[in-house]
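Q: I am attaching a structure below and will ask some questions about it afterwards.
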Amino acid sequence: MRKNKSFNMYISMLCVLFIVGTLLAGCTKSTDSSTASTAPTETAKATAQAATDAPPAADAPSVMGVKLNDLNGGGTLKGQFKGTTIVIGTHDGDFADTLKDQAVYFEKVTGAKVEVQGFPEETFKEKVQLDLSTGHHFDGVVMPVAFLHGYAEGGLIQDLSPIISKIASPNLDLNDFIPSLLDIYGKYKGKLIALPYKPDAQMFMYRKDLFEDPKIMASFKQKTGSDLKVPTTPEDFAKTAAFFTKSLNPDSPVKYGYSTMASKGNSRFIWDNRLAAYGGKDVDANFKPAFNNDAGLKALKFTIELQKYAPKELLQMDWDTANNFFAAGDVAMMEQWPGGYTTSQGDNSKIKGKVGVAVTPGGAPTLGGWAASVTSTTKNADATYKFLEFVTSKDGELLKLLNKAKLEPTRTSNYNRPEIAASNPLYPNFLASLSVAKVLADPDVPYISSKLNDIEEYGVQAAMRGELTPEQALKYMDDNFVKEIKDAGLSK
């Protein structure tokens, strides 16, 4: 893998930080069959002995009424990793907790020990980067997609195809992953470097009770000359948001037509939700900015227009503030990640049972998501791959729904299971959103996604505050994208 001067300097800096105080806890690891140097006859004996020593098959639970019948990797998990410890690095909270829950079942059928190390938001990216570069404790990582692509560029995670060709479950079925997830999450420069773990896409949420109220429908028809329906285009979105904004329509049953989270770190998603809809991208395949054009300008002007229909505090609204504001019942429509729907259905929500979901107007929502990779320095490649295959398998990924976080599935077949589809009204439209999402929440540029995020945030927020014109904001973002990408040695 190519490594450039900027990347080496970056790693050197991280190494210093690592030495002065951020050293990760060490872990004792065993060597699995991927690195064993035994002769074929000895390997066969060892495998036979592992099968003899294998623990009983995992108790197969039911999830939403679905009995899980394939928690042994299509018969490939037979206790062969007894005595092996693998270490997975990820974010603490929902991700670490869910992986730990899934690991219980994996450990029962393999004999392996899975140690999940989760780190808080403010440090976990640096911790993982440092370990992959210098510590080499992690056998696998579960991370945001753009960061995994950076690791792949730096040679820090490995191509899964050779491992898959040797030991994959007969039920792996890569084509069952939602196509956009496998293509965008899993593949980088022609190699399969990850398996999709947790999908994410911005969703459109609306007050179903308002949209289905005959009196409101009649009022909308009278005032606009159109039928009230869930908007699918930016133009319909703006018209509907104006109708539901009391300052513009005193007859509106709510104060605001639109809201979302737009605090620093989040405002770019409003722009991203329309950027691809108008035919733009953040960067092209050669890492050149692809937004300082008509598509980017239309998207940014629309972002500014949406403020007319939102509360004045919009730019201060973070995740919790925005979700709770919507749940309080004074907003007709919100764009948000799927977790916002969960808040709207909480016991304290005034709109519980009254929220519908759809694809964001324009039909090209922002795509987030996390995936799972095997590190390049692991001595336990086989065991690590089998764990990642297990937690992303058709039955294995449904174990995520037993955790209170209920991280969503990544496989088409699971959304098509009647029991799963019926368990959450979000799922059918979530699948539709994932299938058409195009622009990643983090620009897909190795090493510098975080820097580019900051540039986008400054530009979008400056335009929304009126500190820069939309044209000036786009030029600022374009100039700084070009500079950072050049400094990273990625310009072509």
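The values are calculated or read from the model by the stated rules, or taken from the named source; none is laboratory data. Because the structure is a prediction, the values reported are computed rather than measured. Counting neighbours? That spans all protein chains shown, and the Cβs are built from the backbone with ideal geometry, glycine included. Just so you know, the surface numbers come from the protein's heavy atoms only, side chains and all, with ligands and any DNA or RNA stripped out. Shrake-Rupley method; radii C 1.70, N 1.55, O 1.52, S 1.80 Å.
Q: Quick one: which of K308/K438; K189/K239; K127/K350 span more than 31 angstrom between C-alpha atoms?
A: Table pairs above 31 Å Cα-Cα are K189/K239; K127/K350.
Q: Count charges around D173 for me, please; just the other residues with Cβ under 15 Å from its Cβ, Lys/Arg as +1, Asp/Glu as -1.
A: Neighbour charge sum, excluding D173 itself: -2.
Q: Give me the angle, in degrees from 0 to 90, between the Cα long axis of helix 381-391 and the longest principal axis of the Cα atoms of the chain, rounded to the nearest 10.
A: Value to nearest ten degrees: 40.
Q: Where both residues lie in the chain, what percent of DSSP beta bridges are antiparallel, nearest 5?
A: For the chain, the DSSP antiparallel bridge percentage is about 65.
Q: Placing +1 on the Cβ of each Lys and Arg and -1 on the Cβ of each Asp and Glu in the chain, which of H137, I167, S219 has its Cα farthest towards the positive end of the resulting dipole?
A: It is S219.
Q: Given a 1.4 Å probe and heavy atoms of the protein chains only, how would you sort K189, K198, largest accessible area at the top?
A: Per-residue accessible area, sorted high to low, gives K189, K198.
Q: Considering only A473, L407, V460, whose Cα is most displaced toward the positive end of the charge dipole of the range 349-491, charges sitting on Cβ of Lys, Arg (+1) and Asp, Glu (-1)?
A: So the residue we want is L407.
Q: If you don't mind, another one. Calculate the translational D of the range 354-433 in whole µm² s⁻¹ from Stokes-Einstein, where the hydrodynamic radius comes from the Kirkwood formula applied to all Cα pairs, the temperature is 25 °C and the viscosity 0.890 mPa s.
A: Estimated via Stokes-Einstein, D reaches 167 µm²/s.
Q: Sticking with this one: With +1 on each Lys and Arg Cβ and -1 on each Asp and Glu Cβ, and nothing else charged, work out how big the dipole of the range 344-492 is about its Cα centre, in Debye to the nearest 20.
A: 540 debye
Q: Follow-up question, since we're still on this one. Order these peptides, 199-210, 126-137, 364-375, 166-177, by their mean beta-carbon neighbour count within 10 angstrom, highest first.
A: Ranking the peptides 199-210, 126-137, 364-375, 166-177 by packing returns 364-375, 199-210, 126-137, 166-177.
Q: For the chain, max minus min Cα coordinate along each principal axis, in Å, sorted largest first?
A: Between the extreme Cα coordinates on each principal axis of the chain lie 82, 54, 37 Å.
Q: Shifting gears a bit: Straight-line reach from K208: which aspartates and glutamates fall under 14 Å, measuring Cα to Cα and dropping same-chain residues less than 8 apart?
A: Within the straight-line cut-off, K208 pairs with D330.
Q: Let me ask something additional. Find the relative contact order for the range 309-441 and round it to a whole percent, using C-alpha pairs within less than 8 Å whose residues are 6+ positions apart.
A: 26 percent
Q: Further question on the same structure: So if R0 is 41 Å, what FRET efficiency would D284 and D209 give, r being the distance between their Cβ atoms, rounded to the nearest 0.05?
A: So, using R0 = 41 Å, E works out to roughly 0.45.
Q: If the reach is capped at under 13 angstrom between alpha carbons, list the aspartates and glutamates near K404, excluding any in the same chain fewer than eight residues apart.
A: List returned: D94, D97, D101.
Q: Something else: Report, in listed order, any pair from K82/K108; K191/K386; K354/K400 with a Cα-Cα distance greater than 21 Å.
A: The pairs that break the limit, which is 21 Å between Cα atoms, are K354/K400.
Q: While we're here: Averaging sequence separations of C-alpha pairs under 8 Å and six or more residues apart, then dividing by the length of the range 143-254, give the relative contact order as a whole percent.
A: After rounding, I find 15 percent.
Q: Here's a follow-up. For S62 paired with Q472, estimate the spin-label separation in nm (one decimal), with each label point 7 Å from Cα along the Cα-to-Cβ line.
A: Label-label distance for S62 and Q472, simple model: 6.3 nm.
Q: Nearest 10 degrees, 0 to 90: what angle lies between the long axis of helix 449-465 and the longest principal axis of the chain (Cα atoms)?
A: Result, in degrees: 10.
Q: To the nearest 0.05, what FRET efficiency results for D330 and S161 with a Förster distance of 30 Å applied to their C-beta separation?
A: Plugging the Cβ-Cβ distance into 1/(1 + (r/R0)^6) gives 0.05.
Q: Against the longest alpha carbon principal axis of the chain, how many degrees, from 0 to 90 and to the nearest 10, is the axis of helix 94-110 turned?
A: Orientation of helix 94-110: about 30 degrees from the principal axis.
Q: Given the protein chains as shown and a 1.4 Å probe, how many square angstrom of L431 are accessible, to the nearest 10?
A: Surface open to solvent at L431 totals about 30 Å².
Q: Moving on. For a protection proxy built on the mean count of beta-carbon atoms within 10 angstrom, sort 380-389, 242-251 highest first, please.
A: So the order, starting with the most tightly packed, is 380-389, 242-251.
Q: Ok, one more. Compute the semi-axes of the equivalent ellipsoid of the range 125-234, taking the square root of 5 times each eigenvalue of the Cα gyration tensor, and list them largest first in whole Å.
A: Rounded to whole Å, the semi-axes are 46, 18, 12.
Q: Enumerate the residues in the range 279-314 having an amide nitrogen under 17 Å from the point lying 7 Å beyond the Cα of N249 toward its Cβ.
A: 306-311
Q: At a 1.4 Å probe, what is the % contribution of carbon and sulfur to the accessible area of the range 79-208?
A: 49 percent
Q: If you roll a 1.4 Å probe over the heavy atoms of the protein chains, what accessible area per residue do you get for the range 425-492, in Å²?
A: Heavy-atom accessible area per residue stands at 41 Å².
Q: Here is a further query. What is the set of long-range amide H partners of G369 at a cut-off below 5 Å, with H atoms built 1.01 Å from backbone N?
A: Under 5 Å from the amide H of G369: V145, D200.
Q: In Å and whole numbers, how far do the C-alpha atoms of the range 173-212 stretch along each principal axis, longest first?
A: That gives 48, 20, 14 Å along the principal axes, largest extent first.
Q: Let me ask something else about it. Treating the beta-carbon of each Lys and Arg as +1 and of each Asp and Glu as -1, no other charges, what is the dipole magnitude of the chain about its Cα centre, to the nearest 20 debye?
A: The calculated dipole for the chain is roughly 440 debye.
Q: So, counting K/R as plus one and D/E as minus one, what does the shell of residues with Cβ under 11 Å around V374 add up to?
A: -3
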